[in-house]
Amino acid sequence: MFHGEKLLDELLNPRLTSRTAMAETESVEDLAKLYDMLKADAKSMVRDLSEGIGMYRFTGILLLYLSLLGFFLVYLTENPVPPPGWWRIVADVAALALGIAGAGGALFARTKYRQLKTKYSKLFEVADKVR
């Protein structure tokens, strides 16, 4: 059915037209309720959004320290006091993987933090003026 046939069906079938109008009215009413809820909780929502964005920064810093720990563990296992063995290779690979994964995660979290901070900066400015 092409677009013209649908319009013709709506014009010829008043029951179909009223059903469509009722669905649109309900949709508008639902949006009005949503906007009322947003207005009522706007300040707390902005604060929660800001804290959520701040969690990316915290996570990035935490992952950076985790990666540094991984690289430090590689350094420690390279200079063992007991004689080297297969455990040393496993420990090196695990610590190196920890370091690389932590550094990648820190980079991702920092990038996401910057993107969200930039995206919502105007919203935060307006919220600071309202407080």
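The values are calculated or read from the model by the stated rules, or taken from the named source; none is laboratory data. Keep in mind the model is a prediction, meaning the values are calculated, not measured. Cβ placement follows ideal geometry from the backbone for every residue including glycine, while neighbour counts extend to all protein chains displayed.
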Q) Hey, which of the helices (runs of 4 or more DSSP H) in the range 37-131, taking only ones fully inside, have at least 3 residues that are in contact with a Ser or Thr (Cβ under 7 Å, 6 or more places away or on another chain) and buried (at least 16 other Cβ atoms within 10 Å of the Cβ)? A) 86-119
Q: From SER18, SER67, grab the single residue that is modelled with pLDDT under 90 and closer than 30 Å to ILE100 by Cα.
A: SER67
